[in-house]
Ligand code: GLN
């Protein structure tokens, strides 16, 4: 039986594209292709219908005002909600993570609350200090295996998880959700994942990329040995840098 193509939808680069997180789409597509699985990357923009037949949806980082616009457009479109109802995977970074929650706040002294998409049980409020810098976390994959995740965080919002979300990882170096030692959030279904690190995070952390692909494909993937050896040197450098 042949594996159906993986359709990766990069959502609203014009709004949530300032941190280079669209690189996550290239990593997912390439890691699928290296395994002989066809992959298609679609860039969706406001004003045209968001495809609702995607396998993986990607949201990236952006500025406060753009977050509000992205929520308004996504709610008006409805395609993302239909896709999630059909079992699609949503992988969201920073601003994208924040808008997945029930609400987030924007602005400085005059903080204003905005409604989010409500697909992840989290809320985000401005914190007293912006979290900026390298971040290192420990991720426990649902099968129990553990991996160190590296990335770069840059956010003024502090995120609190509700009972229907579990932390993606535990912070070893850096700030994470709100300083409580947790980083990111995963929905009860496991199919909506939010996280703060940029990098792009899936380029820095191939195991997490493969986890997203495995969720989308509904089956485990065999490891990629040639990519792993190329990645090992970079990983050593990153770990030395963040722990220095
Ligand atoms: N505007 C949001 C914040 O500062 C998200 C920033 C980002 O995406 N890096 O919290």
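In the set (1) over 23 Å from residue 198 (Cα atoms); (2) in contact (Cβ under 8 Å) with a residue 12 or more places away in the chain, residue 56 fails one condition alone, (1).
One residue stands out among those in segment 1-42 that are in contact with a helix residue (DSSP H, G or I) (Cβ under 6 Å, 6 or more places away or on another chain) and more than 17 Å from residue 202 (Cα to Cα): the one that is surrounded by the most Cβ atoms within 10 Å (Cβ to Cβ), which is 15.
Matching residues to (1) under 26 Å from residue 215 (Cβ atoms); (2) surrounded by 18 or more Cβ atoms within 10 Å (Cβ to Cβ):
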residue: 65; (1), (2): no, no
residue: 81; (1), (2): yes, no
residue: 97; (1), (2): yes, yes
residue: 106; (1), (2): no, yes
residue: 119; (1), (2): yes, yes
residue: 131; (1), (2): no, yes
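Could you check how many residues of segment 164-189 are within 15 Å of the ligand (Cβ to nearest atom) and on the phi < 0 side of the Ramachandran plot? Residues that pass the stated criteria total 5. Look at (1) outside any loop (DSSP other than H, G, I, E, B); (2) modelled with pLDDT under 95; (3) within 30 Å of residue 5 (Cα to Cα) and you find that residue 233 fails only one, number (3).
Which one of 201, 192, 212 is touching a residue at least 24 places away in the same chain (Cβ under 8 Å), crowded, with 20+ Cβ neighbours inside 10 Å and within 13 Å of the ligand (Cβ to nearest atom)? Spell out how you get there, then give the answer.
On the way: 192 fails: within 13 Å of the ligand (Cβ to nearest atom); 212 fails: within 13 Å of the ligand (Cβ to nearest atom).
Every option except 201 fails the conditions.
Restricted to segment 89-163, the set of strands (runs of 3 or more DSSP E) holding at least 3 residues that are farther than 17 Å from residue 62 by Cβ and within 14 Å of the ligand (Cβ to nearest atom) comprises 122-140. Scanning segment 177-195 for residues that are part of a loop (DSSP other than H, G, I, E, B) and within 12 Å of residue 97 (Cα to Cα) turns up 177, 184. Scanning segment 63-88 for residues that are near the ligand (Cβ under 10 Å from one of its atoms), in a helix (DSSP H, G or I) and either modelled with pLDDT under 95 or farther than 24 Å from residue 156 by Cα (or both) yields 64, 65.
Restricting attention to segment 27-62, the residues being in contact with a strand residue (DSSP E or B) (Cβ under 7 Å, 6 or more places away or on another chain) and part of a helix (DSSP H, G or I) number 4.
The values are calculated or read from the model by the stated rules, or taken from the named source; none is laboratory data. Being a predicted model, the structure only gives us computed values, none of them experimental. Quick reminder, even Gly has a Cβ in these numbers, built from the backbone with ideal geometry, and neighbours come from all protein chains shown.
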